Structure formats: structure tokens, C-alpha cells
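Before any comments, here is the structure.
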Amino acid sequence: MLKQVAGILGLLLAVNAGADTVYVTLEKDNALAVVDAEAGALIKTVTVGQRPRGILLSKDGTQLYVATSDDDTIKIIDAETLAEIGQLPSGEDPETFAQSPDGAFLYVSNEDDNQVTVIDIKQRKVVARIPVGVEPEAVAVSPNNKWVVSASETTNMVHWIDPVSHQVVANTLVDPRPRGASFSADGKQLWVTSEMAGSLMIIDVASKKIIKKLALSIPTVTDDKIQPVGVVIDAAQRWAYVAMGPANRVAVINAQTLEVEKFLLVGQRVWNLAFSPDQKRLYTTNGVSNDISIIDLDTHKVIKSVAVGRYPWGIVSRP
Amino acid sequence: MNQLFKYFFIVGLLLLEIQHSVFADEKQKISIVFLSQEKQVPAALSNLDAFVQHKGLKGAEMAVADNNTTGQFTGQNFELKHVIIPLGESVLAAFKRHASDSDLFVVNVSDNQLLKLADLDEAKTKLIFDGVSRADELRNEFCRHNVLHMLPSRAMRADALAQYMLKKRWQKWFLVVGPTKDDKRFAQALHRAAERFGMDIVAEKQWLHTYDARRTAQSDVPVFTQDVSEYDVLVVADEQGLFGEYFSYRTWLPRLVIGTQGLVATAWHRTHEQWGAVQMQNRFKDYAGRWMEEEDYGAYLAVRAIGEAATRTQSNKISDLKAYLLSDQLALQGYKGRPLSFRRWNGQLRQPVLLAAARSLVAVAPLDGFLHPKTELDSLGYDQPETRCHLGE
């Protein structure tokens, strides 16, 4: 009896540990979808603003930041009630943005104006506008808060910005149309995807040089459909994952050997990725098939897809 | 005397040294000439679309600005010089006058002039980016080693349309051809496409502009189309747009119109929004105050291709740039979902072709299922085995 109770308790705990809520921006529905990841079910969909794309969770986990591109703003949404509680002055057409490790600043790409806007989140004020290359998109902040990087899609460069002086202090030329950028947890590497060349570049942060370039090629898919976008690296730096756009797959990359180990078939036009808080699961937004895929990271298997709405774009998970 | 010579020599060396150190701090300069001849404003069916002179100029200007944004990080400076040739003046003379200005020319001139220009002695060492022509001849028997073509050829457009019609199983075509030479050339491309994709041209008629006070489009088109009974789709070749628009809604049988009117094949269209294109459309409209035309897209890509080559090779030498442009390394971003590159055998820019209706983008060719051993983009137009141009060999 006792054993049984303990067992049930253990099961409950295990379930609890894995329970998280996933928020997905729906570009064409002007809405935010809320998914119970454990059950793999859509809980609800709420209207959020015009053309929502990038989404982040505040460092304290209570608020969501959602770029509503056609409203030219970033909305602050209460993660529990889903009510709008404020707006951040993002500049025109915000798409992707990153948060400083202390949660004090947001760095926003303004694609049409060739600049990165720096926002003081508490003050809800712009503190700087930094000119970068043409069509900046991916933006990331290093874990030690020493670097902000912005990748420009038409200039094909990673710009290294000093977050104190707000100056571009170095540039790394990368493959055409860089789309995703992520720092490794130790802050020593920056991983960048090139949508047009179909490649993944690993840049050494100290030297700002590309130390490894992986051509992501799949035997059964023509090379021009290999268009990597989102890239994430797990905290242990054991595995990294790359969303491959219209190739409809996620590449599983050994973050130690820097080699591709396998490809997982997900939905159509997979762009963005997010880990569950315990990093046991990975979520993907599949823009054309209007769903998200849930990948189990112990087995590296796609366990479920959940229809969420039209053009799922950004995704974030909350414990 | 000897002493004096030595002295001058040393002074000369010193001067060279000074010059060198001055220039070392300067940016590498890449100059590009945009050369365009004014056109006679053509007759038009309606006033909906204003005629634009020197199409491509605004596209080239925007691309130079983009190149220079990149250039500020790479130490390169791009410069665009405009050579605008008035109607009736010689294109060749203008080219000769400006031949020393640059090795890189983006041109908007007629097919005939382009060929003559490419054959000039002054042009032998230049690279000419043809921003407007659709001529298959210029990509086949009249191809030139110093010319790159930015827009899809007629064959590529016809193949794109044919792929779509095959997919829809509109296999019986009624082909209507206008009176101009260009209309006939497009009709030839359509014939070639029909054969390639196993389509059946069940009827072909010439549209003649005849004058009769009693005739109107309303009455003419039904009569014109009445005697063709078994067809799926009306395919029209009217490049100038003088009569093709009459066919929609007026054919004897209810049939769709495709070709140069109705559903059209084009390099760029205002309905195109995917793959970052909406950013491009917005940026262009802000800059030029009008929609981007396909010639603007062609010129934009030409100047961006030069920018890519210069950035990647860190060179402004024509030999380096050309080698890069024709290599496998070029993956030019063209806002159409696939990297663009040049066909080495005839200098044609490999690219998806948009199939657009007036207010919606219907499809993008190559369509799914049209396979090719190297790249599906080469399912459009003259592929390497069929080309009559052998530049790559």
C-alpha cells in the first residue's frame, strides 16, 4: 500500500517536473496559442495584435514579450492571465529580439531601418539605436553579457556590439542570409545558420572567426530546400538542434564533435525552436502545416504534433 | 646628368611611397555604371499602370546603398554612375564614351543594342549585366561571354506556365498570338514548353489589330474564340499588352486566360510577400514611391551580385569578381526562397519564376514534382544539354 502511494506520488512528481506551458505566436491569426505540452493539447488561443512573431519569457517567468510587427511594438503580456499589461517602444516592424541575462534590456532587430533598438524594459524606454547591416534579423546576447550580436540578412555579417558603449566593435562575414544565432552556454561559441547556403557556422567568440562550417545536406532533399533558420544548444552542450525550414526537418547535432547525427522529420517549414524548461523536450513551429512538433530529447523522437493556428512563428516554454 | 636622373628617381620613389600610404587608408572602390536608353512611351490599353522610364535605375540605386552598408564594415565603397541616353541617340557611342568609367555595366537597352554593345572592342574586358531582356537568342546562338542575364528568358517563363498547366491538367491550349515579333518569340517559347511537358496546342490564332467602327472587344472576342471548341485554357502571347486583357470574361466558352495576361510568369510581382519579399517591397516603395517592377528587381540583383562578389573576394578586379559570380560559391539572396546563381553555360541567372494574378500570387515555379538531377531551377528554360551556347566549355 505504502509502496503504491509512493509510486503514485513519484509519478505525480515526475509529471509535475515535466509540465510546462508553451506559447506560440500565430503570424496570420494575430493571436497567441497556449499549449499544454505534457498533454500535447491546445488549451486556448487569444488575440494579441497584428502579425505577432518573436516571443520571449521575462527572466522572472511572469511576463511574455511579443513582437506584434504590424503594430510596430512589443507587447508585454501577463503569462497567467494573458492580458496585455504594457508595450515596449520597439521601433518599426519588430521581428526578433533578445534579452540581456539580467533581464534589464531587450535588443530588437528593426529590419527595415537597418538598426538594433535597445530598450530598458523597466523604464519602457529606448536607450540606444545602433546602426548595423541591411536587414538585421537574428540577435543574441552572450551569457556573460559581454556581447550582443546582430546578424544582417543582406549584408551577410554578424555584428559584434559592445552592450556598454552600444558600438559595433567587430564584424564576422558569414554565409548568405544568416537567420539564427545562439551562444553556447559557456559563452565560448556562437552558432549561426545561413538560410541561403544551407549551412551552420560555429564561430569562436574569442577570435570572432568561423571555426567550423557544416553543410547541412540530406540525401533525399535537394540542396536548395535546405534552409536552416532556428538553432538552439542545450545547457550541457551535448546536443544542438537546427530547424531546417522547407526541408521540414530538425538536424540533431552533436555539440562535442560538431557533426550531424540525425534528422527528425517534423511539420512543414520549420523555423523556430524552444526547449522545455527541463530541456527534456524540444518544440518547433511549423509555419506551413500550422502546427508545432514536440520532440522527446531522451530518445530524439518526434512524439506529437499539435495543430495551433495559421503560421505559427515564435515559441517559448514556461514551467 | 646621370646624377640628376638618380635624384629624380629617388624623389619619384618617395612620392610613390607617400601616395601609397595615403591610399592605404582609403576604401577599395568598386564603380558600376547603370546605362539606360530612354524609350518611346508605348501605346497602352489603360491608364492604370503609369509608364516608367529607365526601369531598373531605382533598383540599382537601392542595391548600391545596400552594398555600401556592407561596405562600411568591409572597407569597400560602391559607386553608381548613371548614363542616360536620350531617345534616338547612339547607345554604342555612349558606351564607348563611358567605357573607362568602370568594368561593370548594368544595362537597360534593346536586345539588338545589347548584342552590338557586347561585341564592341571596348566591351571585351567588361562584364555587362543585362537587366531587361527576355530573348532566348541572346542566351543561345547569340550568347556572349561578357553578358549575364538577370531576368528569366521567354523559355523559362513559358516552362513555368506549362508546369502549372500540367499540374492543373489544362492540357489543351488555345494559343492566341499578337502581331509583333516579340509576341511570335514568346509563342515559340510556348510551343517549346508544350512539347517539353506533353501539352497539346489544339488551336492557334493570330490577333490582328484591324479597324472597323462596328467592332468592340465585347463583340470581337466571342467571335474570335467561337470556332475553337475543345480547349482547356486560352494562352495569350501579347508582350506589350495591347489586346490580351480583352480575353478574360469575354471568350465564347468560359475559359481561363494565361500567358502574358491573366496568370502571368514574372521575375517579380507586387503580390509576392514570402521569403522576406515583403521587406523588399516595403523598402522599395519607401525609396522609389512606386511598386518594384521586375526590371528593378533585375538591376537590384545585378548590383547586389557585384556586392556579394566584391565582399567575398575582397577584390574590385573584374577577373576575380567574374570568377566568383560564375562559381558554385555564389548563393545570391533573391527573396524567392532559393539561393540564386548563374548558369555557367549561358550566363542566365537561375531563379524561381512567379506565377501571379493581378491581386494574388498563385504559384512559384519550379513546382513541386518537377525534378532535376542538379537543381530543380534548371527545369525552367534551356538546360545545359539543350543549350546552343557553350560558354562554360
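Residue by residue through the stretch A:166-192, note down the ones that are within 13 Å of chain B (Cβ to nearest Cβ), in a strand (DSSP E or B) and under 20 Å from residue A:250 (Cα atoms). Explain how you work it out, then say what you get.
Step one: list which residues in the stretch A:166-192 are within 13 Å of chain B (Cβ to nearest Cβ), which gives A:167-179.
Checking the rest, the ones that are also in a strand (DSSP E or B) come to A:167-173, A:178-179.
Answer for the stretch A:166-192, where residues must be within 13 Å of chain B (Cβ to nearest Cβ), in a strand (DSSP E or B) and under 20 Å from residue A:250 (Cα atoms): A:178, A:179.
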Could you list, in sequence order, all residues of the stretch A:263-304 that are within 24 Å of residue A:184 (Cα to Cα), of a type in the set (D, E, K, R) and surrounded by 20 or more Cβ atoms within 10 Å (Cβ to Cβ)? A:281
Restricting attention to the stretch B:128-137, and to residues there that are surrounded by 24 or more Cβ atoms within 10 Å (Cβ to Cβ) and among the hydrophobic types (A, V, I, L, M, F, W, C), which single residue is nearest to residue B:299 (Cα to Cα)? B:129
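Looking only at the stretch B:363-383, count how many residues are part of a loop (DSSP other than H, G, I, E, B) and surrounded by 14 or more Cβ atoms within 10 Å (Cβ to Cβ).
At the first step, the residues of the stretch B:363-383 found to be part of a loop (DSSP other than H, G, I, E, B) are B:366-375, B:380-383.
With surrounded by 14 or more Cβ atoms within 10 Å (Cβ to Cβ) added as a condition, the list becomes B:366-367, B:370, B:375, B:380-383.
Here the count works out to 8.
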Scan (1) outside the structural domain of residue B:53 (by TED's automatic domain parsing); (2) within 12 Å of the chain's Cα centre (by Cα) for the single condition residue B:134 breaks and write down its number. (1)
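Would you mind stating whether residue A:221 is within 22 Å of residue A:249 (Cβ to Cβ) and within 14 Å of chain B (Cβ to nearest Cβ)? Quick ask: steps written out before the conclusion?
Numbers: within 22 Å of residue A:249 (Cβ to Cβ): yes; within 14 Å of chain B (Cβ to nearest Cβ): yes.
Judged against the criteria, residue A:221 is a match.
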Specify the residue that is farthest from residue A:161 (Cα to Cα); the eligible residues are those in the stretch B:52-86 that are surrounded by fewer than 19 Cβ atoms within 10 Å (Cβ to Cβ) and of a type in the set (Gly, Ala, Ser). B:65
If you take the residues in the stretch B:38-94 that are within 14 Å of another protein chain (Cβ to nearest Cβ) and of a type in the set (S, T, N, Q), which one is nearest to the chain's Cα centre (by Cα)? B:67
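Quick grid of which residues meet (1) part of a loop (DSSP other than H, G, I, E, B); (2) touching an Asp or Glu at 6+ places or on another chain (Cβ under 9 Å); (3) surrounded by 22 or more Cβ atoms within 10 Å (Cβ to Cβ):
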site	(1), (2), (3)
B:122	no, no, no
B:160	no, no, yes
B:170	yes, yes, no
B:186	no, yes, yes
Quick check: anything in the stretch B:116-124 assigned by TED's automatic domain parsing to the domain that holds residue B:312, among the acidic types (Asp, Glu) and closer than 22 Å to residue B:31 by Cβ? yes
Residue list for the stretch A:128-149, restricted to those being within 12 Å of another protein chain (Cβ to nearest Cβ) and buried (at least 17 other Cβ atoms within 10 Å of the Cβ): A:132, A:133, A:134, A:135, A:136, A:137
Selection over the stretch B:337-362 where residues are within 14 Å of another protein chain (Cβ to nearest Cβ), in a strand (DSSP E or B) and over 17 Å from the mean Cα position of the chain (by Cα) yields a count of 0
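Is it the case, given these coordinates, that residue B:323 is more than 14 Å from chain A (Cβ to nearest Cβ) and over 30 Å from residue B:45 (Cβ atoms)?
yes
So is residue A:218 in a strand (DSSP E or B) and either surrounded by fewer than 23 Cβ atoms within 10 Å (Cβ to Cβ) or modelled with pLDDT of 95 or more (or both) or not? Please lay out each step first, then the result.
On the way: in a strand (DSSP E or B): no; either surrounded by fewer than 23 Cβ atoms within 10 Å (Cβ to Cβ) or modelled with pLDDT of 95 or more (or both): yes.
Here the answer is no, as residue A:218 does not meet what is asked.
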Do you know which residues across the stretch A:46-68 are touching a residue at least 40 places away in the same chain (Cβ under 8 Å) and of a type in the set (A, V, I, L, M, F, W, C)? A:55, A:56, A:57, A:64, A:66, A:67
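For the stretch A:105-127, check the following and say yes or no: at least one residue is away from every other protein chain (no Cβ under 14 Å) and small (Gly, Ala, Ser). Before you say what the answer is, go through the steps one by one.
Of the stretch A:105-127, the ones away from every other protein chain (no Cβ under 14 Å) are A:105-108, A:117-127.
Still in the list and also small (Gly, Ala, Ser): none.
Within the stretch A:105-127, not a single residue is away from every other protein chain (no Cβ under 14 Å) and small (Gly, Ala, Ser).
Given A:92, A:80, which one is of a type in the set (D, E, K, R), closer than 20 Å to residue A:153 by Cβ and either surrounded by 20 or more Cβ atoms within 10 Å (Cβ to Cβ) or free of Cβ contacts under 8 Å to residues at least 24 places away in the same chain (or both)? Full working, then the answer.
Working: A:80 fails: closer than 20 Å to residue A:153 by Cβ.
Going through A:92, A:80 in turn, just one is of a type in the set (D, E, K, R), closer than 20 Å to residue A:153 by Cβ and either surrounded by 20 or more Cβ atoms within 10 Å (Cβ to Cβ) or free of Cβ contacts under 8 Å to residues at least 24 places away in the same chain (or both): A:92.
For (1) basic (Lys, Arg); (2) crowded, with 19+ Cβ neighbours inside 10 Å; (3) in the same structural domain as residue B:160 (by TED's automatic domain parsing); (4) at pLDDT 95 or above, each residue gets a yes or a no:
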site: B:279; (1), (2), (3), (4): no, yes, no, no
site: B:284; (1), (2), (3), (4): no, yes, no, yes
site: B:320; (1), (2), (3), (4): no, no, no, yes
site: B:325; (1), (2), (3), (4): no, yes, no, yes
Out of curiosity, is residue A:163 at pLDDT below 95 and either more than 15 Å from residue A:97 (Cβ to Cβ) or more than 8 Å from chain B (Cβ to nearest Cβ) (or both)? no
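Being under 22 Å from residue B:243 (Cα atoms) and in contact with a Leu (Cβ under 6 Å, 6 or more places away or on another chain) narrows it down to one residue among B:187, B:162, B:158; which is it?
Details: B:187 fails: in contact with a Leu (Cβ under 6 Å, 6 or more places away or on another chain); B:162 fails: in contact with a Leu (Cβ under 6 Å, 6 or more places away or on another chain).
When all the criteria are applied, what remains is B:158.
The values are calculated or read from the model by the stated rules, or taken from the named source; none is laboratory data. Quick caveat: nothing in here was measured; it's all calculated off a predicted structure. Don't worry about glycine lacking a Cβ; one is built from the backbone with ideal geometry, like all the others, and counts go over all protein chains shown.
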